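Working notes, structure below.
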Amino acid sequence: MAATQTDSRALTRPAGLISVAVPLALFGWFLQFLPEIAAGGTVVYRIDWVPSLEVGLGVLLDGLSLTFALLITGIGALVTLYSTSYLGGHRDYGRFVCYILAFMGGMLGLVLSDNLLSLFVFWEVTTISSYLLIGFDADRGTARRNALQALLVTATGGLAFLAGIILIGMAAGTFDISGIGEPLASHPLYLPIFLLVVAGAFTKSAQVPFHFWLPNAMAAPTPVSAYLHSATMVKGGVYLLARMNPSLGGTDPWFWTLVLFGGVTAVFASVMALRQTDIKQVLAYTTLMALGTLIMFIGVGTEYAVQAAMAFLVVHSLYKAALFLMIGVVDHGTGTRDARVLRGLGRAMPVTMVAAMLAALSMAGVPPLFGFVGKEFLYKAALDLDVGRLWVTGCAFAASALMFAAAGIVAWRPFMGKPADTPTAPHEGPWPMLAGPLVLALLGLALGIMPDLAEPLVRPATAAVLGVAAKVDLYLFRTVNAAFVLSLLTFAAGFALYLSHARLRAGLSRTPKLFDPGWDRLMDLVAAGSTALTGAIQTGRLRRYIFVTFATLAAVLSVALWRAEVTLAAPDFDDLRAKHWSVLIFIMAGALLTAFTRSRMTAVAALGVVGIGVALIFIMFGAPDVAITQLLIEVLQVVLFAVAMLKLPHLGRDMNTRPRAWDAVLALAIGGLTATILIAVMATPLDLRLTAFFEAASVPLAHGRNIVNVILVDFRALDTFGEIAVVAVAALGAWAVLRGTRGARP
């Protein structure tokens, strides 16, 4: 795909310029806050959005959000620069720019939001925009299928997260992250809040058993994969757990859930990376390893563990974006990504080889790359634990050794050895495609040699996750200790795994795939269930639809009355006069005739009698304008129904003689429940504040003495306008039905 779509001129066109200039300008703007944030400051800014629901567009800029913002915009600028060449010749390049900038905006809104409800809005923006990016090549069935899978998995988790947000608002009394003063661990709602938030985070960050969508997201173009896997969407769940650590962390459920699931994900994904032959898929599974590691150490929650997690967050973002972009250059220059084919590319692609080697060494945790610093701190944090030390250390060691082997598969094997035949003669990529991986790889080297340069990001981010000030001291090497010895063992184990990776791949390829085929079976089951349910419910019979609707209403009203524990008083009939009883008998007669007649025309006329009786009630109780409206509606209804009768078929014998016992039971139930609710309402003291307002404001504000008219025309003007629109649309629909197809043009 890349070879036929590359166009180096796209950078000078409006779409290309905008795609690079926007994230670059944002990166520069966020960079100006670094001194203040590094000094321990926090920027909070709030605009009320929906004040009645306590929803505001609040900005919380601290160490954690600034770190993510700089990664999102900085890596985003390099990815979009890369895309100007990689996708510049694509016919839908402009659409791609819109999608990726929308995704970038969603991620920035997610990490900067101080209000959980607005955070959720941006959370879903990333879900939808990632769906569009993964399915960008919509002509391919695989892209469409995998994009839908990512959408459904992450959106389902998002709904769970939304429920957790609502419970957090109930428990904390606010939706503002900065306003949650005390930890929620002792609150009765803590466990459901924790489970719902974790469900949202695990689906977003692809933890086992929700991991399968992330490797399938490789159906996206390479720039999208680089962006999603390094600094953006897949780290959304990591960000959420880090952000909620001061409020939800420090408990046994938090510790064991995150440590166990994170550890399993890290090791499982690292093993599965060795199974892949597509180097892009190898990197996809190593992303799962990194996400599992980050979540595991956030779950540990000690100061050193959080410090290690924040350092590794930066490490992973740099080397993963560089390696994904490098893969795109290799694919563009050779026409393949098959690890079994790629060999000896170093001479033809020297710049790409340098970037690949530096990024892979950081991924393998080899000094003096920043990856070594991150790995050392992970080991140090694991070895300092009192609870779960063996599990955390073992998972970190196994994952790191497997990552070493994966780094060799991705970067060493393709560039070393004797050149092999490839679909395209190997050649170097254009400079926009080389700038990103080279800059990121060199940055990983610079931060490894001078790790104190990363402290202004890691220290405030650590403090934000812990909720208290933290002392961070990053260094490359100081002394031989247990963590350093463990690193040496990691290199040895990783090298042995790399040498035997071909045999390991052959063995792993024989293991059955469970999760992704299971997803397909689940979707087939959902489709079959939907078909069966639709066949049972959508029968095409209006009578059944109406019966089910009113039966549901009766059930809801019954439950509401039962839960309300309403005490009913006997109604007072002393004030009813002969005229009231006459109208009541008039209405009942019309209702009974409607129910028992076998003629449509008679039923319509009798129903009109009921409506006229209701209008008489309005007149007797001092609402002549409402009565006039009721009469006009009844007349219009009867006329329309009468005309429609000319178009309807005659009732069959079975329909005329069908039993109506259940209809009668349902009608009596609805009528009885409605009467009971009205009696209960009349027995309850009414809140007359709104009535008093309308009485006082009718003349001075609306200049009208008819309160009903004033309410409809002034105080509820938009509502009345909507009702008029509904009536107009209904009239047009009735006209279309009555007109039929006579005279219609083909």
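The values are calculated or read from the model by the stated rules, or taken from the named source; none is laboratory data. Everything numeric here is computed off the predicted structure, so don't read it as measured data. Don't worry about glycine lacking a Cβ; one is built from the backbone with ideal geometry, like all the others, and counts go over all protein chains shown.
Can you pull out the residues in region 63-107 that are among the aliphatic types (A, V, I, L, M), modelled with pLDDT of 90 or more and closer than 19 Å to TYR131 by Cβ?
ILE72, VAL79, VAL97, ILE100, LEU101, ALA102, MET104, MET107
Being crowded, with 24+ Cβ neighbours inside 10 Å and either among the aromatic types (Phe, Trp, Tyr) or without any contact (Cβ under 8 Å) to a residue 60 or more places away in the chain (or both) is the filter; apply it to region 295-311 and report the residue that is nearest to ILE72 (Cα to Cα).
PHE297
Can GLY173 be described as without any contact (Cβ under 8 Å) to a residue 12 or more places away in the chain and not assigned by TED's automatic domain parsing to the domain that holds THR462?
Yes; evaluated as a whole, the condition is true for this residue.
Just one of the numbered conditions (1) acidic (Asp, Glu); (2) surrounded by 10 or more Cβ atoms within 10 Å (Cβ to Cβ); (3) free of Cβ contacts under 8 Å to residues at least 24 places away in the same chain is not true of ASP516; which one?
Result: ASP516 fails condition (3) only.
Which condition does ARG598 not pass, out of (1) assigned to a helix (DSSP H, G or I); (2) closer than 26 Å to ALA644 by Cα, if it passes all the others?
Exception for ARG598: condition (1).
Inspect region 414-431 for any residue being small (Gly, Ala, Ser), under 26 Å from ALA396 (Cβ atoms), assigned by TED's automatic domain parsing to the domain that holds MET353 and touching a residue at least 60 places away in the same chain (Cβ under 8 Å) and give the result as yes or no.
Checked region 414-431: no residue is small (Gly, Ala, Ser), under 26 Å from ALA396 (Cβ atoms), assigned by TED's automatic domain parsing to the domain that holds MET353 and touching a residue at least 60 places away in the same chain (Cβ under 8 Å).
For region 333-368, enumerate the residues that are under 11 Å from HIS427 (Cβ atoms) and either assigned to a helix (DSSP H, G or I) or among the small types (Gly, Ala, Ser) (or both).
Once the filter is applied, which keeps residues that are under 11 Å from HIS427 (Cβ atoms) and either assigned to a helix (DSSP H, G or I) or among the small types (Gly, Ala, Ser) (or both), region 333-368 yields GLY333, THR334, GLY335, ALA348, THR352.
Based on what the data block shows, is GLY106 in a strand (DSSP E or B), more than 23 Å from ARG13 (Cα to Cα) and among the small types (Gly, Ala, Ser)?
Taking the combined requirement at face value, the residue does not satisfy it.
Taking region 222-249 only, how many residues are at pLDDT 90 or above and not in a helix (DSSP H, G or I)?
Summing the residues that are at pLDDT 90 or above and not in a helix (DSSP H, G or I) in region 222-249 gives 1.
Run down PHE641, PHE618 and say which single residue is at pLDDT 85 or above and not aliphatic (A, V, I, L, M).
Result: PHE618 is the single residue among PHE641, PHE618 that is at pLDDT 85 or above and not aliphatic (A, V, I, L, M).
Yes or no, residue by residue, for (1) outside the structural domain of ASP114 (by TED's automatic domain parsing); (2) in contact (Cβ under 8 Å) with a residue 40 or more places away in the chain; (3) closer than 18 Å to PRO253 by Cβ:
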residue	(1), (2), (3)
GLN149	no, yes, no
THR154	no, yes, no
LEU167	no, no, yes
PRO183	no, yes, yes
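Given the criterion under 29 Å from PRO571 (Cα atoms), out of contact with any Phe, Trp or Tyr (no Cβ under 7 Å at 6 or more places or on another chain) and either touching a residue at least 12 places away in the same chain (Cβ under 8 Å) or acidic (Asp, Glu) (or both), identify the matching residue among ALA734, ALA669, ALA692, ALA675.
ALA669
Going through PRO423, PRO432, PRO512, PRO437 one at a time, which residue ends up being closer than 30 Å to THR84 by Cβ and assigned to a loop (DSSP other than H, G, I, E, B)?
Sole residue among the options that is closer than 30 Å to THR84 by Cβ and assigned to a loop (DSSP other than H, G, I, E, B): PRO423.
Look at LEU60 and say whether it is in a strand (DSSP E or B), assigned by TED's automatic domain parsing to the domain that holds THR222, modelled with pLDDT of 85 or more and not basic (Lys, Arg).
yes
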